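Working notes, structure below.
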Amino acid sequence: MDAHAVAVSEPSAETMTVFPVPAFQDNYLWVVDNGKDAVVVDPGDAMPVLAYLRSRGLTLRAILITHKHADHIGGVATLLEHFDVPVHGPAHEAIACVDHPHSGGETVRIEAPAMTLTVIDVPGHTAGHIAYFLSADATGTPHLFCGDTLFSCGCGRLFEGTPAQMLASLDALAALPPATLVHCAHEYTLSNIRFALTVDPDNAALAAWHDEATARRAAGRPTLPTTLAQERLTNPFLRSDAPAIVAFAERHAERTQLSREAVFAAVRGAKDTFR
Ligand code: ZN
Ligand code: FE
């Protein structure tokens, strides 16, 4: 199977709660549960996850890892002292404790909470980065857990991949259904929007998202999950074909006739030095 093709899995039969457990400065450790059993994505720190599980009387049933960075795996060993559970993670990254390695295209079947996720290969931030896609929960809503690949109005830094690889990874994610709830691993939304507005200043959807996200943060709420529909309208890294983004890239690169990859690379490069 093509690594970027995403199989449609049967809908989850159970009502699920998906909650962003905050950790460190701006990480979210996403916990999915059915009121009894839980799965955690990228537990960089065990303590807030254990506290959340305890507060809701949940039993951990599985751990999902997107990539090798410490803020995504730091809590795994401690969680395994409390719960003897499978650990799914990237096949191409050396991560202790991963006993279910994936490189993209696999299906991850979890019994409780009952769900079937598809693994998507998304190199760029790191070489082996993977994402997990649930095509429908009990209400028909799709969910994506994408680690540090896609953020609201941003994308991960290219530590190990090329712009072309990251662009292909983002294209694969952008091709998922528009209603997909995007569970990113960091609350970077406001600073990403600040940069995005310099790239795409006349984007009305971006201005509206700026106001909405600002209000959510002022109220102490997460800006996430976002949706793919929203990101396609506002995220400069998903809009390398949009005239405003191309124009920005041409000014930044001081060249015209840029390829789509060159547009993406120029915007990513501008973000790397943006303060
Ligand atoms: Zn990372
Ligand atoms: Fe991270």
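How high is the relative contact order of the range 54-138, in percent, with contacts defined as C-alpha pairs under 8 Å that are six or more residues apart?
Working: 143 pairs, mean separation 20.7, N = 85.
Across the range 54-138, relative contact order equals 24 percent.
Taking 0.36 nm per residue of sequence separation and subtracting the Cα-Cα distance, how much length would be gained by fully extending the chain between GLU14 and ASP241, in nm to one decimal? Let's see the in-between values first.
Numbers: separation 227, 0.36 × 227 = 81.72 nm, distance 3.90 nm.
Roughly 77.8 nm would be gained on extension.
Given a 1.4 Å probe and heavy atoms of the protein chains only, how would you sort SER240, SER55, largest accessible area at the top? Please list the in-between numbers first.
On the way: SER240 5, SER55 90 Å².
If we order SER240, SER55 from most to least accessible, we get SER55, SER240.
By its C-alpha gyration tensor, with a ≥ b ≥ c as the square roots of the eigenvalues, how is the range 38-149 shaped: rounded for a/c under 1.5, else prolate for a/b larger than b/c, else oblate?
Details: a/c = 1.71, a/b = 1.11, b/c = 1.54.
It is oblate, given that a/c is not under 1.5 and a/b is not larger than b/c.
Give me the accessible area per residue for the range 213-257, probe 1.4 Å, as a whole number in Å². Intermediate values should be presented prior to the final figure.
Working: 2380 Å² over 45 residues.
Here the residues of the range 213-257 average 53 Å² of exposed surface.
For the chain, report the translational diffusion coefficient in µm²/s to the nearest whole number, using Stokes-Einstein at 25 °C, 0.890 mPa s, and a Kirkwood Rh over Cα pairs.
Numbers: Rh = 18.9 Å.
Translational D for this selection: 130 µm²/s.
Using a probe radius of 1.4 Å on heavy atoms only, what accessible surface per residue do you get for the range 90-178? Whole Å² is fine. Could the numbers behind the result be given before it?
Values: 2860 Å² over 89 residues.
Accessible area per residue, the range 90-178: 32 Å².
With all protein chains present, how much of the accessible area of the range 60-191 (probe radius 1.4 Å) comes from carbon and sulfur, to the nearest whole percent? Mind dumping the intermediate values first?
On the way: 2350 of 4320 Å².
So the carbon and sulfur contribution to the accessible surface is 54 percent.
Rounded to the nearest 5, what is the percent of antiparallel bridges among the DSSP beta bridges in the chain?
Numbers: 27 of 41 bridges.
Restricted to the chain, the bridges split so that about 65 percent are antiparallel.
Among ALA265, ALA136, ALA175, which one moves the most in a GNM of the chain with springs linking Cα atoms closer than 10 Å?
Ranking ALA265, ALA136, ALA175 by mean-square fluctuation puts ALA175 first.
Only loop residues by DSSP count here, and only those with at most 12 other Cβ atoms within 10 Å; note down the GluC sites (Glu not before Pro) in the range 187-237 that meet that.
Values: sites: GLU187, GLU212, GLU231; in loops: GLU187.
Answer in residue order: no site qualifies.
Would you mind getting me the FRET efficiency between SER191 and ARG255? Use the beta-carbon distance for r and R0 = 22 Å, nearest 0.05. Don't skip to the end; give the middle numbers.
Working: r = 27 Å, r/R0 = 1.25.
It comes to 0.20.
Give me the orientation-averaged projected area of the Cα convex hull of the range 91-159, in nm², one decimal. Present the calculation step by step, with values, prior to reporting the outcome.
Values: hull surface 21.9 nm².
With every direction weighted equally, the projected area is 5.5 nm².
Give me the orientation-averaged projected area of the Cα convex hull of the range 181-251, in nm², one decimal.
Details: hull surface 18.5 nm².
In nm², the orientation-averaged hull projection of the range 181-251 is 4.6.
Given DSSP loops and a limit of at most 14 other Cβ atoms within 10 Å, what is the longest stretch of the chain that contains no such chymotrypsin sites (Phe, Trp or Tyr not before Pro)?
Within the chain, the longest run free of exposed chymotrypsin sites (Phe, Trp or Tyr not before Pro) spans 25-158.
For the range 155-189, list residues with backbone N below 20 Å from a point placed 7 Å from the Cα of THR214 toward its Cβ?
187-189
Give me the percent relative contact order of the range 137-275, please, defined on Cα pairs under 8 angstrom at least 6 residues apart.
It comes to 28 percent, rounded to a whole number.
Placing +1 on the Cβ of each Lys and Arg and -1 on the Cβ of each Asp and Glu in the chain, which of ILE110, CYS153, HIS210 has its Cα farthest towards the positive end of the resulting dipole?
The residue sitting most towards the positive pole is HIS210.
The values are calculated or read from the model by the stated rules, or taken from the named source; none is laboratory data. Worth saying up front: this structure is predicted, and the values here are computed from it rather than measured. Neighbour counts run over all protein chains shown; Cβ positions are idealised from the backbone, glycine included. Ligands, DNA and RNA are stripped out before the accessible areas are found, and what is left, the full protein with its side chains, is counted by its heavy atoms. Shrake-Rupley method; radii C 1.70, N 1.55, O 1.52, S 1.80 Å.
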